[in-house]
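First comes the structure, then the notes that go with it.
The values are calculated or read from the model by the stated rules, or taken from the named source; none is laboratory data. Here the structure is a predicted model, which means the values were calculated and not measured. Here the Cβ is made from the backbone with ideal geometry for all residues, glycine too, and neighbour counts use every protein chain on show. Surface areas here come from the heavy atoms of the whole protein model, side chains and all, with no ligands, DNA or RNA. Shrake-Rupley method; radii C 1.70, N 1.55, O 1.52, S 1.80 Å.
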Amino acid sequence: HKDYPTVTFAMSQVGYLLELRIDGSEIEENVRLFDHLFAQKTEVEKGAGFPLDWKRSTTSKRQSLKCLSEFAVSFASKYKRGGTLPVPDRSDWDEYVAWMRENVSKFEKSILAALKSYDS
C-alpha cells in the first residue's frame with residue numbers, strides 16, 4: 001500500500017482469496033504492526049464482514065491476515081494449489097467476481113481504518 005510500504009493487500013482465485021501481508025525488512029517492526037491490528041481484531045473483522053486467520057510469527061518477517069469467510073473457505077476448498085483442480089472452473093467465475101466486488105473494498109477499508117492510528 002502506498003501509505004504503508006510494508007503492507008500488501010493480496011487477492012487470489014485459490015487459497016484464502018483475500019489476504020494482508022506485513023513483510024518489511026525488520027521482524028520486530030512487522031510484529032509491532034501486526035499487534036496493532038490485532039488489538040483492533042473485533043473492529044477489523046466487523047468492518048471486513050468476515051473472520052480472519054491471524055498469523056503472527058516472531059521468527060519470520062511475514063505476518064498475515066487471511067480471509068475465512070464462508071464463501072472463501074468453500075470456494076477455495078475446491079481449488080487447491082497442486083490439486084486436481086488448481087484453478088476455478090469457468091462456471092464459478094461469476095460467483096467469485098461478484099463476491100470479490102462486494103468484499104475487497106470492505107476488507108481494505110477496514111484494515112486502513114485500523115492502520116490510521118498506527119505510530120510507526
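Within the chain, what whole-number % of the accessible surface is contributed by carbon and sulfur, with the 1.4 Å probe and all protein chains included in the calculation?
Its accessible area is 50 percent carbon and sulfur atoms.
Relative to the present Cα-Cα distance, how much length would full extension add between Arg56 and Asp23 at 0.36 nm per residue of separation?
On the way: separation 33, 0.36 × 33 = 11.88 nm, distance 1.15 nm.
The Arg56-Asp23 span can extend by a further 10.7 nm.
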Exercise. Give me the distance between the Cα centres of segment 49-74 and segment 5-44, rounded to whole Å.
Key: 8
Quiz item: So for the pair Trp93, Glu108, with labels modelled 7 Å out along Cα→Cβ, what separation do we get in nm?
Solution: 2.2
Self-check item: Label of the coordinate-derived value, percent of Cα pairs over 26 Å apart, listed as (i) 23; (ii) 17; (iii) 26
Solution: (i)
Practice problem: Grab the other residues whose beta carbon is less than 13 angstrom from that of Asn30, score K and R as +1, D and E as -1, and report the net. | Solution: +1
Practice problem: May I ask you to list the lysines whose Cα is less than 18 Å away from that of Lys41, ignoring any residue fewer than eight positions away on the same chain? | Solution: Lys55, Lys66, Lys106, Lys109, Lys116
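Given the rule -39500 (n - 2.57) for each run of at least 4 DSSP H residues, summed and divided by the residues of the chain, what is its mean residue ellipticity at 222 nm, to the nearest 500 deg cm²/dmol? Display every interim value, and only then the final one.
Numbers: 4 runs with 52 residues, N = 120.
Rounded to the nearest 500, the figure is -13500 deg cm²/dmol.
Could you please report the charge total around Phe50, scoring K, R as +1 and D, E as -1 over all other residues with beta-carbon less than 14 angstrom from its beta-carbon? Before the final figure, lay out the partial values.
On the way: positive: Lys41, Lys46, Lys66, Lys106, Lys109; negative: Glu19, Glu43, Glu45, Asp53, Glu70, Glu102, Glu108.
In short, -2.
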Exercise. Report, in order of residue number, the helices in the chain meeting two criteria: a C-alpha extent of 27 Å or more along the helix axis, and a mean Kyte-Doolittle hydropathy of at least -0.5; treat each whole DSSP H run as one helix.
Key: 93-115
